[in-house]
1. So, restricting to helices (runs of 4 or more DSSP H) that lie completely within segment 1-88, which ones have at least 3 residues that are open to solvent by less than 80 Å² (accessible area, probe 1.4 Å) and under 30 Å from VAL400 (Cβ atoms)?
2. Anything in segment 157-172 that is more than 13 Å from the chain's Cα centre (by Cα) and surrounded by 24 or more Cβ atoms within 10 Å (Cβ to Cβ)? List them, or say none.
3. Go through segment 320-354 and give me each residue that's open to solvent by less than 50 Å² (accessible area, probe 1.4 Å), modelled with pLDDT under 95 and part of a helix (DSSP H, G or I).
4. From the list VAL328, VAL266, which residue is within 26 Å of THR17 (Cα to Cα) and over 23 Å from the mean Cα position of the chain (by Cα)?
5. Report, ordered by the first and then the second residue, all pairs with beta carbons closer than 8 Å, sequence separation of six or more or different chains, a first member in segment 235-247 that is under 19 Å from PRO280 (Cβ atoms), and a second member that is at pLDDT below 95 and aromatic (Phe, Trp, Tyr).
6. Would a scan of segment 285-308 turn up a residue that is more than 15 Å from SER236 (Cα to Cα) and modelled with pLDDT under 95?
7. On the basis of being farther than 28 Å from LEU203 by Cβ, charged (D, E, K, R) and free of Cβ contacts under 8 Å to residues at least 60 places away in the same chain, does LYS332 make the cut?
8. Considering only residues of segment 207-219 that are without any contact (Cβ under 8 Å) to a residue 60 or more places away in the chain and either part of a loop (DSSP other than H, G, I, E, B) or among the hydrophobic types (A, V, I, L, M, F, W, C) (or both), which is surrounded by the fewest Cβ atoms within 10 Å (Cβ to Cβ)?
Amino acid sequence: MNHPDFRNLLACMDDVTSAAMDENTGPADPAEYHSLYGRLQDAADTLPPLYRVHVYEPFMLAVDKLSEAGFNSMLSRDPRIEREAGLFLDIAHAILQNSEAYEREATDAFQEVVSDLYDGFLSEEDRKGIKPPDESLIAPLVKWGRPQFGPYTWTAEAAAHFDIKTGIVNLPPANARHGLLAWSALGHETAGHDILHADKGLLAELQHHVYDALADELSNSTLANYWALRIDETASDVLGILNTGPAAGIGLIGYFRGLNKAYTGVPTLRNTGPQNDPHPADILRGYLAAETVRLLQFDNATEWAEALEEETDKDHSGILLGRTSLDVETAKKSAAIVARTITNARLNSLEGHALGQIQNWQNHDEKIVQDIRTHLSESQAVHDCVVSGMYAAHVVAAAVTSSIAGEVPISDAFPRMTALLKTMHDANPSWGPLYVRHRGDLSPHRAYSRTAS
């Protein structure tokens, strides 16, 4: 089993800081309608059938309806490219970067991770007894750009304004080559935000459960309200860990520290939580990660949870949420309640199932990660790193934990990770000639198993 070993965390944090300060902004935003239209036409045959039907064709209809005058008007109404113009151009970038081979290996690796994380919650294999999602049919498309916003996602709910049937996930362009821990944040974006917005009523139901649990167990309506108002970001942290395991927990801590060093010069988790910030304070997210890992179904979950709690404790300096001070013990208790509620609450929007029933991290996941870590540390060829039962989340977890433990230099782990993910993407049936929504849909239901699970 993988025991927590954070001896090289500082180097991983420095890698995050270096990537955050990288000035690469990626491909320029298209500024001229007819040029963009021609490039999009050239991209017609570069997406697989599933994405042509549900993304490319409806988007081209939207581009036609928009017209040159509408395109120019949209850009003038949204000069910072944050609202409708941001969404429109990000959809265009996702299509064009795939078509024009921008950072080809990293793009395909990125797409494979997003597809796997989405598959983990929405495929027929994992979603037995639960209706299909309401808002999205296929895994989000990926793109690089807008480093000032960091990793982010446009959910399928937002993208539906342009009639496409999936979301868009973005990483800063620097993360195509360094900033490894940013990849551990993809579970938050894809297994988090995109999943939470795929089922109508799911987010609101979780919000009510979290508020009620905190109000009942802590008799603290202020704290209950604080967590509940941040349910989208909070639940996304939990879902990312359910799908990527403890690597997402230590990755979150190291990632935030690295970003904070880049932007403030201080490599610690922030202890303040402004009222207008939709995210919980960094320190609370560290404790939430520890408590979510404690709920995972692998043998050394408690060991990992305690290590994450101890790592978060190093940055505690007095928690202030808005104008309210919070003692550390109450903070930890609240994080435990929130993690338990989001993981275990039976939800009407999921036909009485809990999120932790759909996806969890188990011993076989840890075994796969350990096998991949062994191959990575031995510098084996990519085809020799393939492990039976391996998914993209395992590869990211292996690269992150082996780098943090100092088994493999980050400069080696990163390209080995993307090369391995690229080979997996090339074999992904959703990106082949058939209409396969999720790789997990191609799973036979056996009457008898020769080996115990």
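The values are calculated or read from the model by the stated rules, or taken from the named source; none is laboratory data. Keep in mind the model is a prediction, meaning the values are calculated, not measured. Glycine gets a Cβ as well: all are built from the backbone with ideal geometry, and neighbour counts include every protein chain shown. Note: areas computed on protein heavy atoms with side chains; ligands, DNA, RNA excluded. Shrake-Rupley method; radii C 1.70, N 1.55, O 1.52, S 1.80 Å.
1. Result: 9-20.
2. If the condition is that a residue be more than 13 Å from the chain's Cα centre (by Cα) and surrounded by 24 or more Cβ atoms within 10 Å (Cβ to Cβ), then ALA159, ILE164, THR166 are the ones that fit.
3. SER349, LEU350
4. Result of the check over VAL328, VAL266: VAL266.
5. Once the first residue is under 19 Å from PRO280 (Cβ atoms) and sits in segment 235-247, its partners that are at pLDDT below 95 and aromatic (Phe, Trp, Tyr) give LEU239/PHE121.
6. For segment 285-308, residues more than 15 Å from SER236 (Cα to Cα) and modelled with pLDDT under 95: absent.
7. Taking the combined requirement at face value, the residue does not satisfy it.
8. Selected residue: SER219.
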